[in-house]
Amino acid sequence: MWFSPPKNIKTLIDEQYRILDDAHTKLSKIWVDDIVLSFGWWTSLLLTIIPWLLWFIFRNKESKTRLLLGGLWAILISTWLDYVGVTMGLWRYYNKLIPLMPDYISWDFALMPVTVMFFLQIKPKANPFIKALIFASMTAFLAEPLFLQLGYYKYPGWNPLSSFPFFIVIYLIAHYLVNSKATKPLK
């Protein structure tokens, strides 16, 4: 079929998938033998659960659906960006909660979205650009260096300054989604 790549390309790609499968098997063994139930694993688990518990307690109940839309955006984009960064060798994670994903679940599925939702909820009428700058500054220049210092990950090809504009955009899009007229209830 003319839509399908030639056999030689399929063979080359299949070989790369075998290499990836082998690497994943080796990383899974490291996870089982050395990471699961370690101190770093337990702190990652707590960093995944506690933000959601805090959000559940302190969320604005009237705006929870809109806030969750902003949080979902933060989860999707941070997970995708994390995947790209790990795949390109820009950073690596050492305290993986589960061995199936290249990202840091505590960050992508809890810390990032919950922080975005709290920022959206607090002073909702404040200038979103100022809030985005504060959010990006706290995330890029406080949280990332702290996690680097604690050894949760390493930046072979990245730095917190590079993250700063991404965090601004993530927050501003979340703000737009949460405050969009398109999020009015269905009729």
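The values are calculated or read from the model by the stated rules, or taken from the named source; none is laboratory data. None of the values given here were measured: they were computed from a predicted structure. Glycine gets a Cβ as well: all are built from the backbone with ideal geometry, and neighbour counts include every protein chain shown. Note: accessible area is taken over every heavy atom of the protein model, side chains too, but ligands, DNA and RNA are not part of it. Shrake-Rupley method; radii C 1.70, N 1.55, O 1.52, S 1.80 Å.
Just to check your reading of the model, which residue among L177, L100 is open to solvent by 40 Å² or more (accessible area, probe 1.4 Å) and farther than 22 Å from L69 by Cα?
From the options L177, L100, the qualifying one is L100.
Please find, among I35, I57, the residue that is in contact with a Phe, Trp or Tyr (Cβ under 6 Å, 6 or more places away or on another chain) and closer than 30 Å to V114 by Cβ.
I35 is the lone residue from the list that is in contact with a Phe, Trp or Tyr (Cβ under 6 Å, 6 or more places away or on another chain) and closer than 30 Å to V114 by Cβ.
Of everything in segment 84-106, what is part of a helix (DSSP H, G or I), over 14 Å from W158 (Cα atoms) and hydroxyl-bearing (S, T, Y)? Give them in sequence order. Explain how you work it out, then say what you get.
Step one: list which residues in segment 84-106 are part of a helix (DSSP H, G or I), which gives 84-87, 105-106.
Now narrow it down to the ones that are over 14 Å from W158 (Cα atoms): 105-106.
Of everything in segment 84-106, just one residue is part of a helix (DSSP H, G or I), over 14 Å from W158 (Cα atoms) and hydroxyl-bearing (S, T, Y), namely S106.
Which members of segment 1-51 meet the condition of being free of Cβ contacts under 8 Å to residues at least 40 places away in the same chain and aromatic (F, W, Y)?
W2, F3, Y17, F39, W42, listed by residue number.
So that you can scan it fast, the table gives a plain yes or no per residue for (1) assigned to a helix (DSSP H, G or I); (2) more than 24 Å from L97 (Cβ to Cβ); (3) of a type in the set (A, V, I, L, M, F, W, C); (4) out of contact with any Lys or Arg (no Cβ under 6 Å at 6 or more places or on another chain):
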position	(1), (2), (3), (4)
D14	yes, yes, no, yes
Y17	yes, yes, no, yes
D21	yes, no, no, yes
H24	yes, no, no, yes
D34	yes, no, no, yes
L37	no, no, yes, yes
I49	yes, no, yes, yes
L53	yes, no, yes, yes
I57	yes, no, yes, yes
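Given I57, I77, which one is open to solvent by 40 Å² or more (accessible area, probe 1.4 Å) and out of contact with any Pro (no Cβ under 8 Å at 6 or more places or on another chain)?
One residue alone meets the criteria, I57.
Kindly indicate whether A126 is open to solvent by less than 30 Å² (accessible area, probe 1.4 Å) and of a type in the set (A, V, I, L, M, F, W, C).
Working: open to solvent by less than 30 Å² (accessible area, probe 1.4 Å): no; of a type in the set (A, V, I, L, M, F, W, C): yes.
Answer is no for this residue.
What are the residues in segment 137-172 that are over 14 Å from the mean Cα position of the chain (by Cα), more than 18 Å from V86 (Cβ to Cβ) and crowded, with 16+ Cβ neighbours inside 10 Å, if any?
F164, I168, L172
Out of the helices (runs of 4 or more DSSP H) lying entirely within segment 107-179, which hold 3 or more residues that are free of Cβ contacts under 8 Å to residues at least 24 places away in the same chain?
It comes to 128-138, 144-149, 160-179.
Got a number for residues in segment 83-97 being open to solvent by less than 90 Å² (accessible area, probe 1.4 Å) and in contact (Cβ under 8 Å) with a residue 40 or more places away in the chain?
Summing the residues that are open to solvent by less than 90 Å² (accessible area, probe 1.4 Å) and in contact (Cβ under 8 Å) with a residue 40 or more places away in the chain in segment 83-97 gives 8.
Yes or no: segment 43-52 includes at least one residue that is surrounded by 15 or more Cβ atoms within 10 Å (Cβ to Cβ) and within 12 Å of the chain's Cα centre (by Cα).
Yes, there is a match, as at least one residue in segment 43-52 is surrounded by 15 or more Cβ atoms within 10 Å (Cβ to Cβ) and within 12 Å of the chain's Cα centre (by Cα).
Output the number of the condition that M117 fails; it satisfies all remaining conditions of (1) open to solvent by 40 Å² or more (accessible area, probe 1.4 Å); (2) under 18 Å from the mean Cα position of the chain (by Cα); (3) not hydroxyl-bearing (S, T, Y).
Failing condition for M117: (1).
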